[in-house]
1. From the list Ser114, Ser109, exactly one residue is among the small types (Gly, Ala, Ser), closer than 21 Å to Val47 by Cα and open to solvent by 30 Å² or more (accessible area, probe 1.4 Å). Which is it?
2. More than 30 Å from Lys55 (Cβ to Cβ) and touching a strand residue (DSSP E or B) at 6+ places or on another chain (Cβ under 9 Å): is that true of Ile117 in this structure?
3. Considering only the range 117-146, how many residues are among the acidic types (Asp, Glu) and open to solvent by less than 60 Å² (accessible area, probe 1.4 Å)?
4. Does the range 35-46 hold any residues that are in a loop (DSSP other than H, G, I, E, B) and open to solvent by 30 Å² or more (accessible area, probe 1.4 Å), and which are they?
5. Can you say whether Ala95 is open to solvent by less than 40 Å² (accessible area, probe 1.4 Å), more than 16 Å from the chain's Cα centre (by Cα) and small (Gly, Ala, Ser), as far as the supplied structure shows?
6. Mind checking which residues of the range 47-60 are surrounded by 14 or more Cβ atoms within 10 Å (Cβ to Cβ) and of a type in the set (D, E, K, R)?
7. Run Asp73 past the list (1) surrounded by 16 or more Cβ atoms within 10 Å (Cβ to Cβ); (2) more than 18 Å from the chain's Cα centre (by Cα); (3) free of Cβ contacts under 8 Å to residues at least 40 places away in the same chain and report the number of the one that doesn't hold.
8. Which pairs do you get when a residue that is more than 15 Å from Lys99 (Cα to Cα), found in the range 35-55, comes within reach of a residue that is part of a loop (DSSP other than H, G, I, E, B) and open to solvent by 100 Å² or more (accessible area, probe 1.4 Å), reach meaning Cβ atoms under 8 angstrom, with the pair 6+ apart or on two chains?
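The values are calculated or read from the model by the stated rules, or taken from the named source; none is laboratory data. Small disclaimer: the values here were computed from a predicted structure and weren't measured. Glycine gets a Cβ as well: all are built from the backbone with ideal geometry, and neighbour counts include every protein chain shown. For the accessible areas, the whole protein counts, side chains as well, though only heavy atoms, and no ligand, DNA or RNA atoms are used. Shrake-Rupley method; radii C 1.70, N 1.55, O 1.52, S 1.80 Å.
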Amino acid sequence: MRHLIPLFVIFLLAACNTTKIPKERVNVDPQEVVTDYPIPVMTFDKVFHDFGTVKRGEKRETTFSYTNTGTADLQIEIVTSCHCTSLDYSTEPLAPGEKDVIKAVFDSSDKTESELIDITIILSSTNPKTGYPIVEEVKFTFDIEE
């Protein structure tokens with residue numbers, strides 16, 4: 001009986017370790033698209049924007065244009081960033097070859113120092129190689145002036 005308890009504990013721990021949780025950002029590289037499976041690929045015109053010097057309290061906006069260069073419809077699940085950034089984007093499916101934009105409006109009212117801000121884009125699709133959601137990222141930076 002005392003030999004069964006350690007075996008039960010090992011079995012229980014092994015069974016609890018089956019969840020797929022990504023440890024880092026999982027991007028789909030257009031060069032690595034699996035042709036056996038239809039998959040969307042976001043190709044951005046730019047992935048970085050520099051607002052330059054921004055006066056505290058000022059609002060600035062930019063857009064991140066992208067094309068679906070994949071082989072399946074691209075559908076955004078959610079786009080998220082810090083509370084200083086409002087985002088406007090479509091959740092409608094985008095066919096291969098079609099283009100769209102993500103509009104970001106930055107409000108510097110609560111900022112006291114320069115920063116690099118990440119905008120995370122999570123697609124409805126998963127990477128067929130890993131089973132993880134397809135995640136993309138764009139960034140912007142600014143220098144704050146009081």
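1. Ser114
2. no
3. 2
4. Within the range 35-46, Thr35, Asp36, Tyr37, Pro38, Asp45, Lys46 meet the criteria.
5. Answer is yes for this residue.
6. Glu58, Arg60
7. (2)
8. Close Cβ pairs satisfying both conditions: Lys55/Glu146.
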